[in-house]
1. Suppose we keep only residues that are within 14 Å of Gly247 (Cα to Cα) and surrounded by fewer than 24 Cβ atoms within 10 Å (Cβ to Cβ) within the stretch 126-142. Which one would you say is modelled with the highest pLDDT?
2. Kindly indicate which of Ser328, Ser317, Ser350 is of a type outside the set (A, V, I, L, M) and within 21 Å of Leu264 (Cα to Cα).
3. State which residue is nearest to Met306 (Cα to Cα) when the search covers only the stretch 256-275 and only residues that are under 20 Å from the mean Cα position of the chain (by Cα) and either at pLDDT below 90 or among the polar types (S, T, N, Q) (or both).
4. Please list, ordered by residue number, the helices (runs of 4 or more DSSP H) wholly in the stretch 27-107 having 1 or more residues that are of a type in the set (A, V, I, L, M), under 23 Å from Gly158 (Cα atoms) and modelled with pLDDT under 85.
5. Tell me, which helices (runs of 4 or more DSSP H) lie completely within the stretch 280-343 with 3 or more residues that are buried (at least 20 other Cβ atoms within 10 Å of the Cβ), without any contact (Cβ under 8 Å) to a residue 24 or more places away in the chain and not acidic (Asp, Glu)?
6. Consider only pairs whose beta carbons are under 8 Å apart and that are at least six residues apart or on different chains; among these, list those whose first residue lies in the stretch 83-106 and is under 14 Å from Val33 (Cβ atoms) and whose second residue is assigned to a loop (DSSP other than H, G, I, E, B) and among the polar types (S, T, N, Q).
7. Can you name the residue in the stretch 197-238 that is closer than 21 Å to Ala265 by Cβ, surrounded by 18 or more Cβ atoms within 10 Å (Cβ to Cβ) and over 18 Å from the mean Cα position of the chain (by Cα) and is also modelled with the highest pLDDT among such residues?
8. What about Met7, is it under 14 Å from the mean Cα position of the chain (by Cα), assigned to a helix (DSSP H, G or I) and touching a residue at least 60 places away in the same chain (Cβ under 8 Å)?
Amino acid sequence: MAVAIFMVRAAMLMLGPLLVDLAYDFDTSIAVVGQLAAATFVTWGITAPLVGPISDTYGRRPVLLVGLLLMALGVLASGVAWNYASMLATRLVTGVGSAMLPPTMMAAMADNLPPDKVGKAVGFITASSWMGVALGVPVIALLGYVGGWRLPFYVTGGMSIVAWVLLWLCLPKGQRPLGQKVDIFNRFKAIGRQAAPWYVLIANTTQQAVLLGLTTYFAAYMIETHAWDQAMTAPGLALLGLGAVIGSFAGGFIAGRPRTLDWLAAISLAGGLVTGLLFSIGSYAWMVAGLALVASVLVSVSMPVMMTLIMRLAGESRGTAGGMLSTSNQLGGVVGASAGGLTLSLGGFSAVGLLYLLLAGLSACIVGIIMRRSSAFAFKGSDK
């Protein structure tokens, strides 16, 4: 699962270091090409909640295998895209396949681990996904520098096929339940009629907008503002990924511990402040990269915490809840990429930083005020 989630994250965020070349080849702007990332998040957001009830009913293995195969084929097809429209179509397919994996994995762990271990397990898988940024995306930047923007798609797609083979060999074959129907409405109803899951989803959306916006526009910011080339963005992107790995592990340890929501609110606000600052200062390039590392650590802490919270609230519909949280992740990606691109075209990168600061502040308010006061989050053995 860690190998597969590594490939998912690399495939989803690989456009960042390629935006400038894609804009040149497709004769458009960076802001417009940035919408390709938003398109992938859109199909992810639509697919993830529909897949959850299927995995709840028929098991995790078929969903994982079909999803990884679709993602691999979408990435490979992106390498032969001849214009903006064809690239858009292949990225939509990539989003559908990718959406089927993370929530299904998280639900599988919640199914099989005691509650006090779920947070750490989610933190581990989340950190593994961000290794796709720490290692995968910098390699993608180098491949794009050496062989053009098509080469990274071929390599990433081929490695995803290898991951699919490993998953097919290693996943246990469970017996398909008989006489069960995919009752999507009732599973959503069981979760949606509670207020608490909606607090988690909204807070997660705004936080993910900051995180995924940072990963989408950081490379372009350094190329345009600090005269980096693609090869130079590789270590900077590695720092972003490393920060997310550290933040995810930290979030796994914070989840379920006393004062979780207080800690999360403070960390989210601090992450917004650092993100806003790095897009605004004209200091030395590597000082900005250092700020990006700190920002990445801070804004990624929330991911395993939010997943752990919603799994505790979901009861037996964990796959459905995971899909809903995954949808909120991608909605955040849409906001981070699309609103970030619009803000970039209107006010430059400093305006992008201000946007992400406001979004992080909104997330911190929801967590620190609304969720903190809700009795639904007073789990046994927890002091919020």
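The values are calculated or read from the model by the stated rules, or taken from the named source; none is laboratory data. Owing to the predicted nature of the structure, the values given are computational and were not obtained by experimental measurement. All Cβ positions, glycine included, derive from the backbone under ideal geometry; neighbour counts span all protein chains shown.
1. Taking the candidates together, the pick is Ser128.
2. Residue meeting the stated conditions: Ser328.
3. For the stretch 256-275, the residue satisfying everything is Ser268.
4. On the way: elements: 30-58, 61-78, 84-99.
Per the criteria, 30-58.
5. Helices (runs of 4 or more DSSP H) meeting the threshold: none at all.
6. Between residues of the stretch 83-106 that are under 14 Å from Val33 (Cβ atoms) and residues that are assigned to a loop (DSSP other than H, G, I, E, B) and among the polar types (S, T, N, Q), the close pairs are Tyr84/Thr28.
7. Among them, the one singled out is Tyr199.
8. When the stated conditions are applied, Met7 passes them.
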